[in-house]
1. Restricting to the range 104-114, and then to whatever is outside any loop (DSSP other than H, G, I, E, B) and closer than 17 Å to S42 by Cβ, can you tell me which residue is modelled with the lowest pLDDT?
2. Does I108 count as surrounded by fewer than 17 Cβ atoms within 10 Å (Cβ to Cβ), over 11 Å from the mean Cα position of the chain (by Cα) and either β-branched (V, I, T) or farther than 30 Å from S36 by Cα (or both)?
3. Scan the range 90-101 and report the pairs whose first residue is under 17 Å from S8 (Cα atoms) and free of Cβ contacts under 8 Å to residues at least 40 places away in the same chain and whose second residue is among the polar types (S, T, N, Q) and assigned to a helix (DSSP H, G or I), with Cβ atoms within less than 9 Å and a gap of 6+ or a chain change.
4. Testing V143 on (1) in a helix (DSSP H, G or I); (2) among the hydrophobic types (A, V, I, L, M, F, W, C); (3) surrounded by 15 or more Cβ atoms within 10 Å (Cβ to Cβ), one condition comes back false. Which one is that?
5. Out of all the residues in the range 118-140, which are of a type in the set (A, V, I, L, M) and either surrounded by fewer than 13 Cβ atoms within 10 Å (Cβ to Cβ) or in a helix (DSSP H, G or I) (or both)?
6. Only one of F62, F46, F35 is farther than 22 Å from L130 by Cβ and surrounded by 15 or more Cβ atoms within 10 Å (Cβ to Cβ). Can you tell me which?
7. Scan L121, L100, L130 and give me the residue that is closer than 20 Å to S27 by Cα, at pLDDT 95 or above and aliphatic (A, V, I, L, M).
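The values are calculated or read from the model by the stated rules, or taken from the named source; none is laboratory data. On a predicted model such as this, the values are computed, not experimentally measured, just so you know. Cβ atoms come from the backbone with ideal geometry, glycine included; neighbour counts cover every protein chain shown.
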Amino acid sequence: MINLVLHSLVRWGVLFFGVWAVVNAISGVSKKRAFSKTDKLSGFFFMISCDIQLLLGIILLFTNGWIDKIKAGMGPLMKDPTNRFFVIEHGLIMIIAWVLVHVGYSKIKKSAEQNKHKLMLRFFGLALFLILISIPWPFRTQVARPLFHWF
């Protein structure tokens, strides 16, 4: 239960740092300003919060019975929209977003100064979009979860 609460709470950190990084990237591209330490920190915190979230998600996969559902067979799992979302769609899309954040962060570090904000916007923007569409928001009837899980 505590893992689910932590996973729910860390989500807000991921979203905060993701929005911060994307806003910095938009600002940098539109104002053609130099890549700053704040820009680098926003990307770094986005990446670290995604790492923590991934770790918590993997722990949930193994402790909340999802692995047992996979072992029981993919046929029944894929027919149930809730199970399919949490076991396949949510996890896969979030891992793709995690990869985008890491690849983006690495490319930003290695790129020329004038390209850093553009790369930040492309990689972090796409990752944030994938994260937003893969969260089980309360308005998503089939997979709805509360905004905050409590003990």
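1. Result: E113.
2. no
3. G91/S134
4. Failed condition: (1).
5. Passing the criteria: L119, M120, L121, L126, A127, L128, L130, I131, L132, I133.
6. F35
7. So the residue among L121, L100, L130 that is closer than 20 Å to S27 by Cα, at pLDDT 95 or above and aliphatic (A, V, I, L, M) is L121.
Per-residue answers, yes or no, for (1) in a helix (DSSP H, G or I); (2) modelled with pLDDT under 95; (3) of a type outside the set (S, T, Y); (4) loosely packed, with under 15 Cβ neighbours inside 10 Å:
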residue: G18; (1), (2), (3), (4): yes, no, yes, no
residue: I26; (1), (2), (3), (4): yes, no, yes, yes
residue: S30; (1), (2), (3), (4): yes, no, no, yes
residue: L41; (1), (2), (3), (4): yes, no, yes, yes
residue: I58; (1), (2), (3), (4): yes, yes, yes, yes
residue: I70; (1), (2), (3), (4): yes, yes, yes, yes
residue: G75; (1), (2), (3), (4): yes, yes, yes, yes
